[in-house]
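Remarks on the structure that follows.
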Amino acid sequence: MKLNRKEFLSLSGKTLMGLPFFPALMTQAWSHPETPKMMTGEAMIEVKVKKLILKHTWTISRNSSDFKNNVFVRLEKDGIVGYGEAAPNVRYGESAEKTVKRIQEASHLLNNRDFFHYVEIKEALDGVIVDQNCARAALDIALMDWVGKALGVPLYRLWGLNPERAPVTSFSIGIDTPEMIRKKVKEAEAFPILKIKVGTDRDEEIIQAVRSVTDKPIRVDANEGWKSREEALEKIQWLKDQGVEFIEQPMPAEQIDDIAWLRERVDMPIVADEAVKTAADIPRLVGAYDGINIKLMKSGGLQEAWRMIQLAKALGLKIMLGCMIESSVAISAAAQLAPYADWLDLDGNLLISNDPFSGVKVEQGKLIFPDRPGLGVEGTF
Ligand code: MG
């Protein structure tokens, strides 16, 4: 099958409309004679819950935890194995139990399918998994890992991205006593940028503890912790003098008008996190926020994250790529899109002590991609 230029351009024009990776795939399929044939065999899906232990008690404005139960997926077909991961988050009504259930309910959608029709499979998953976005993410990540491995390329390469363009990642410091914050900041010496969790009644104390041991750039995440726009304005004006680069989700997600009010009065980018999950949430944020924090667990996977990036860029919003507490599976998945990001916060795997996988590594905040296809991860399922 060959297309003339006009036909090709008409196909390319549809990339934003729901055929995100088609041109890249066409190139692969046409130039590599060893590309696998249409596959219709049975897929085997295994699901496991693993307890990820946090190095330090993890506290944000909403809650505190010592471990997270994440859900892992192993997807095998034709001798190729793809891995996926879900990090259920109570903020979005998710649990490991419900996530496992949704994955089991949706797994038949992967049977007797050509996995290279991953766009079609994503649409089918979207129709069946309507809550527990992280369950969709686990399946989509496993599927895309499988596709990358079948083609023999890392996903960033499939999408035409240069890994050298990825910005450095920040390292997150959870809410703690001033003494522990100073300790954590010292432990994070190798990271050039820190992200500090606030949203409490002692935010000044937290930032002062950070500033007593480092003068490196910091970013601040209030996790919806400030309830009024006046409080948020006062805090942000103070943070500006503390060398803060940007503020993430200063007020509750639904208070978009208050954010717009705030944005007219502060000289610091405001980034949406809890206020945005999928592409459908993005248009209403224009004019209120300067950027959006895209996470695979909120979006429901890599394909939707890709779509969000294109839409946000078209609307003039900055791209932050973030994560939950996740192992190297989900972190390495998000890292594949890192060259698109203005700001990177992919440190979830660095906050746990028992990562069952290894993949993308971090040195001085810079992502180091392994020379392996798909997500580039290996480990124990
Ligand atoms: Mg956040």
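The values are calculated or read from the model by the stated rules, or taken from the named source; none is laboratory data. Model, not experiment: these values are computed from the prediction. We place every Cβ from the backbone using ideal geometry, glycine too, and count neighbours over all the protein chains shown. The protein model used for the area step is the full one, side chains on, heavy atoms only, and it has no ligands, DNA or RNA in it. Shrake-Rupley method; radii C 1.70, N 1.55, O 1.52, S 1.80 Å.
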Self-check item: Residue match in region 292-303 (condition: surrounded by fewer than 23 Cβ atoms within 10 Å (Cβ to Cβ) and either under 24 Å from residue 135 (Cβ atoms) or touching a residue at least 12 places away in the same chain (Cβ under 8 Å) (or both))
Solution: no
Quiz prompt | Close pairs (9 angstrom Cβ cut-off, 6 or more residues apart or separate chains): acidic (Asp, Glu) in region 211-228, away from the ligand (no atom under 14 Å from the Cβ) anywhere | solution = 215/243; 224/255
Quiz item: Which of the residues belonging to region 304-320 are surrounded by fewer than 22 Cβ atoms within 10 Å (Cβ to Cβ) and touching a Gly at 6+ places or on another chain (Cβ under 6 Å)?
Solution: 318
Quiz item: Quick one: is residue 266 farther than 18 Å from residue 178 by Cβ, touching a Phe, Trp or Tyr at 6+ places or on another chain (Cβ under 7 Å), at pLDDT 95 or above and not in a helix (DSSP H, G or I)?
Solution: no
Quiz item: Taking helices (runs of 4 or more DSSP H) that do not extend beyond region 176-246, which have at least 3 residues that are more than 16 Å from the ligand (Cβ to nearest atom) and touching a strand residue (DSSP E or B) at 6+ places or on another chain (Cβ under 7 Å)?
Solution: 178-187
Quiz item: Do you know which residues across region 136-169 are part of a helix (DSSP H, G or I), open to solvent by less than 10 Å² (accessible area, probe 1.4 Å) and not acidic (Asp, Glu)?
Solution: 137, 138, 139, 141, 142, 143, 144, 146, 147, 148, 155, 158
Exercise. Can you give me the number of residues within region 321-358 that are open to solvent by less than 20 Å² (accessible area, probe 1.4 Å), assigned to a strand (DSSP E or B) and touching a residue at least 60 places away in the same chain (Cβ under 8 Å)?
Key: 3
Quiz item: residue 345 versus (1) over 23 Å from residue 84 (Cβ atoms); (2) out of contact with any helix residue (DSSP H, G or I) (no Cβ under 9 Å at 6 or more places or on another chain); (3) within 15 Å of the ligand (Cβ to nearest atom); (4) not hydrophobic (A, V, I, L, M, F, W, C): which is the lone unmet condition?
Solution: (1)
Exercise. Could you check, for region 115-123, whether at least one of its residues is under 22 Å from residue 274 (Cα atoms), open to solvent by 10 Å² or more (accessible area, probe 1.4 Å) and assigned to a helix (DSSP H, G or I)?
Key: no
Quiz item: Among the listed residues 102, 91, 62, which satisfies the condition of being part of a helix (DSSP H, G or I), within 16 Å of the ligand (Cβ to nearest atom) and open to solvent by 20 Å² or more (accessible area, probe 1.4 Å)?
Solution: 91
Quiz item: For residue 203, are the conditions met, namely being in contact with a helix residue (DSSP H, G or I) (Cβ under 7 Å, 6 or more places away or on another chain), open to solvent by less than 40 Å² (accessible area, probe 1.4 Å) and of a type in the set (D, E, K, R)?
Solution: yes
Quiz item: Within region 271-282, restricting attention to residues that are within 15 Å of the ligand (Cβ to nearest atom) and outside any strand (DSSP E or B), which residue is farthest from residue 244 (Cα to Cα)?
Solution: 281
Quiz item: Which of (1) within 15 Å of the ligand (Cβ to nearest atom); (2) free of Cβ contacts under 8 Å to residues at least 60 places away in the same chain; (3) under 20 Å from residue 172 (Cβ atoms); (4) assigned to a loop (DSSP other than H, G, I, E, B) does residue 252 not meet, given it meets every other one?
Solution: (3)
Quiz prompt | Enumeration of residues in region 283-320 that are assigned to a loop (DSSP other than H, G, I, E, B), under 26 Å from residue 138 (Cα atoms) and away from the ligand (no atom under 16 Å from the Cβ) | solution = 300, 301
Exercise. Would you mind telling me which numbered condition in (1) more than 16 Å from the ligand (Cβ to nearest atom); (2) in contact (Cβ under 8 Å) with a residue 12 or more places away in the chain residue 361 fails?
Key: (2)
